[in-house]
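Here the structure is laid out as structure tokens; the discussion comes afterwards.
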Amino acid sequence: MQPFIYSAHPARVIFGSGTLARLPAEVERLGLERVLVLSTPQQEAEAGALAGRIGTRAAGVFAGATMHTPVGVTEAAMRHVAAERIDGLVAVGGGSTTGLAKAIALRTDLPQIVAPTTYAGSEMTPILGETQGGVKTTQKSPRVLPEVVIYDVDLTLSLPPHLSAVSGMNAIAHAVEALYAQDRNPIIAMMAAEGIRALARALPRIVETPHDAEARSDALYGAWLCGTCLGAVGMALHHKLCHTLGGAFDLPHAETHTAVLPHATAYNAPAAPEAMGAIAEALGAAEAAPGLYDLAARLGAPLALRDLGMPESGIEAAADSAMKNPYWNPRPLDRTALRDLIARAYAGEPPR
Ligand code: NAD
């Protein structure tokens, strides 16, 4: 028997196709009168359309969200919030836009309605990472957890196949680490296995046929489950490595997760046999780490950190940083083995 503590975060999740039509009703349900719609510059048109749907309760669009939630952008949005007497936030986009909504909520406690358009899963977590002066700090607070999440599969149809693949692998990474987390529990393990299964089934179909509605629905369902895992239990070596590598070499978030995941999984395999069995089973593969590598390769996703812009000279420095302030990990950290792991991920070799 493995004793456990399970705490659930409050969540109102609306899932389906065309579910965004419920947005005005959700705004009304929360009693909001002056809502600010957030997006990246690339998704400004979607944000404008959403504001149109909300009608007189929409008080503007702020389309300045960007990767890693820079504090300067949050401060610009905060000026808008104050000037327009905003009483609620609607975010339409991926983890970057959700991050901006969370950063505003941290400072104001304004209610948030999030409509995710990628598989990053930030909408299901009380976690916020912010960047200032090139340094990214992460914190946990119930204030940043969105009040309502509207998953509308239709919003994901435009996510290009390449981004769908890496974003889906990013989601799978949350579930992989949840299965061997120190504070793992059977409920989250069920969600993790089902999340991996749904994404592993859907992603190859999406890469081939991006408008396959069934596959898109499966992938978004899997992303929800994987995001819930990320919000519920602690992450380990894989997330620490991606945080370190992304910060040090300014690497793209989801792509970095994709290239590192098979190697971090292989590193932990000897210390977490039960988790490895669940991952392999969910992937439909003989073994967990090679199964993840093969899935990424089949999706045409980047396998080598060098192709993402990491310099070879960074391998030693990354191994040093990964040894500092480590997260809890099922297998103790060994610098030589970590260095080899990073070198293999750098070159895109199969995991060992
Ligand atoms: P993103 O939000 O930066 O989106 C990537 C690009 O794709 C953007 O240009 C965006 O406008 C575009 N895009 C998004 N959805 C689209 C769609 N359906 N169609 C067309 N284009 C679309 O990327 P992401 O990977 O979703 O998020 C990454 C960020 O989220 C990172 O900063 C990461 O740290 C953060 N994150 C945070 C958590 C958390 O729990 N705090 C969890 C996961 C990710």
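The values are calculated or read from the model by the stated rules, or taken from the named source; none is laboratory data. Keep in mind that what you see is a predicted model, and the values were worked out from it rather than measured. Every residue, glycine among them, receives a Cβ derived from its backbone with ideal geometry; neighbour counts consider all protein chains shown.
All told, Ala120 falls short of being assigned to a helix (DSSP H, G or I), touching a Gly at 6+ places or on another chain (Cβ under 6 Å), within 11 Å of the ligand (Cβ to nearest atom) and in contact (Cβ under 8 Å) with a residue 40 or more places away in the chain. With respect to the conditions (1) among the aliphatic types (A, V, I, L, M); (2) crowded, with 21+ Cβ neighbours inside 10 Å; (3) under 20 Å from Val176 (Cβ atoms), Ala286 lacks only one, and its number is (2). Is it true that some residue in the stretch 82-89 is at pLDDT below 95, on the phi < 0 side of the Ramachandran plot and not assigned by TED's automatic domain parsing to the domain that holds Gly234? No: zero hits.
Rundown of residues vs (1) in the same structural domain as Gly246 (by TED's automatic domain parsing); (2) β-branched (Val, Ile, Thr); (3) surrounded by fewer than 18 Cβ atoms within 10 Å (Cβ to Cβ), yes/no style:
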position: Met169; (1), (2), (3): yes, no, no
position: Tyr180; (1), (2), (3): yes, no, no
position: Arg184; (1), (2), (3): yes, no, no
position: Glu194; (1), (2), (3): yes, no, yes
position: Leu203; (1), (2), (3): yes, no, no
position: Ile206; (1), (2), (3): yes, yes, no
position: Pro210; (1), (2), (3): yes, no, yes
position: Ser217; (1), (2), (3): yes, no, no
position: Leu225; (1), (2), (3): yes, no, no
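Any residue that is of a type outside the set (A, V, I, L, M, F, W, C) and more than 19 Å from Ala264 (Cα to Cα) - is there at least one of those in the stretch 177-191? Looking for residues that are of a type outside the set (A, V, I, L, M, F, W, C) and more than 19 Å from Ala264 (Cα to Cα), one finds at least one in the stretch 177-191, hence yes.
For the stretch 257-274, the condition holds for at least one residue, the condition being that it is buried (at least 22 other Cβ atoms within 10 Å of the Cβ), within 18 Å of the chain's Cα centre (by Cα), of a type in the set (A, V, I, L, M) and farther than 20 Å from Ile188 by Cβ. Scanning the stretch 79-111 for residues that are within 13 Å of the ligand (Cβ to nearest atom) and closer than 16 Å to Leu50 by Cα gives Ala91, Val92, Gly93, Gly94, Thr97, Thr98, Ala101.
The set of residues in the stretch 87-127 being within 11 Å of the chain's Cα centre (by Cα) and not β-branched (Val, Ile, Thr) consists of Gly94, Gly95, Ser96, Gly99, Pro116, Tyr119, Ala120, Gly121, Ser122, Glu123, Met124. When Thr40, Thr19 are checked against the criterion of being within 14 Å of the ligand (Cβ to nearest atom), touching a strand residue (DSSP E or B) at 6+ places or on another chain (Cβ under 6 Å), of a type outside the set (A, V, I, L, M, F, W, C) and modelled with pLDDT of 95 or more, a single residue qualifies: Thr40. Of all the residues in the stretch 67-108, those that are closer than 18 Å to Arg34 by Cβ and not aliphatic (A, V, I, L, M) number 8.
Taking each residue of the stretch 239-255 that is over 14 Å from Ile342 (Cα atoms) and looking for partners that are of a type in the set (Val, Ile, Thr) and within 13 Å of the ligand (Cβ to nearest atom) with beta-carbon atoms closer than 8 Å, six or more apart or interchain, yields Pro252/Val166; Ala254/Thr118; Ala254/Val166; Glu255/Val166. Please enumerate the residues belonging to the stretch 133-155 that are hydroxyl-bearing (Ser, Thr, Tyr) and surrounded by fewer than 21 Cβ atoms within 10 Å (Cβ to Cβ). Listed by number, the residues that qualify are Thr137, Thr138, Ser141. When residues of the stretch 299-321 are filtered for being in a helix (DSSP H, G or I) and among the small types (Gly, Ala, Ser), how many remain? Total satisfying the criteria: 5.
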